[in-house]
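In what follows, a single structure is set out as structure tokens and then discussed.
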Amino acid sequence: LLGVCWARKASAVDCVLSEANNLASHRPISNMKPSRKKMKQRNIDWMIECNNQTPIEFFRFIQPTHKARAIEKYGKILDEAIRLCKAPDKQSKLKNIKETVNCNSDWDVWLVEKRAMSIRGEIHETNTEVHRELNVVVRKRVIEPNEESLRKRQKPLDEEQENEEYDNEAESSRCIMRKHS
């Protein structure tokens, strides 16, 4: 496609837009998922490069939902990483991990962590909703105060006016007394 664009002397922006339109017409962007081959390669690369290739770390990385498939995938990716790894020290580490891991206990830990994340998300959502509702109530009170709140506000104002009137009367009577004396 880019060759066609350059042959027509189109701008680079036109070529990119054309490419994007072609991709978009085949599959919606929101539904685009990496291919299985790319996902597998990403998992193998992670297994080789990660400092802690335990099942729990792998589960955190791939976010699985089914125990049997997750444990099977971990085993397959670990075997593939051992086969493809060029560095002898990393390969040795991967082989050692394969012999010593306990996927079942790591799966149990993963379920607890996953539940905790879910609960934290629910708490966050609840807090957000409570704040949203509280803000609505506060806005309504500021815009449309109820009668009692108006009375409470009016009472101190009335008291202030009475005090000012009393002070003014007292000052006036003092002035009158001074004039007469």
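Could you list Lys67, Lys38 in order of exposure, starting from the residue whose Cβ has the fewest other Cβ atoms within 10 Å?
Lys38, Lys67
Based on the mean of other Cβ atoms within 10 Å per residue, sort peptides 55-64, 79-88, 42-51 so the most packed one is first.
Ranked from most to least packed, the peptides come out as 55-64, 42-51, 79-88.
Fully extended, how many nm does the chain gain between Lys95 and Cys50 (0.36 nm per residue separation, minus their Cα-Cα distance)?
14.8 nm
What list of ³J(HN,Hα) couplings, whole Hz, do you get for segment 94-107 from phi and the Karplus terms 6.51, -1.76, 1.60, once you set θ to phi - 60° and write x for glycine and proline?
In residue order, the calculated couplings are 5, 5, 4, 4, 4, 7, 10, 6, 10, 5, 5, 5, 5, 5 Hz.
If you line up the Cα atoms of segment 35-144 on their principal axes, what length do they span on each, largest first, in Å?
For segment 35-144, the Cα spread along each principal axis is 74, 27, 24 Å.
Using 0.36 nm per residue of separation minus the Cα-Cα distance, give me the extension gain between Asn104 and Lys67 in nm, one decimal.
Working: separation 37, 0.36 × 37 = 13.32 nm, distance 0.85 nm.
Answer, rounded to one decimal: 12.5 nm.
Any read-out appearing in this document is the output of simple, stated calculations on the displayed coordinates, not a laboratory observation. Worth saying up front: this structure is predicted, and the values here are computed from it rather than measured. Methodologically, a virtual Cβ is constructed for each residue, glycine included, from the backbone with ideal geometry; neighbour enumeration extends over all protein chains shown.
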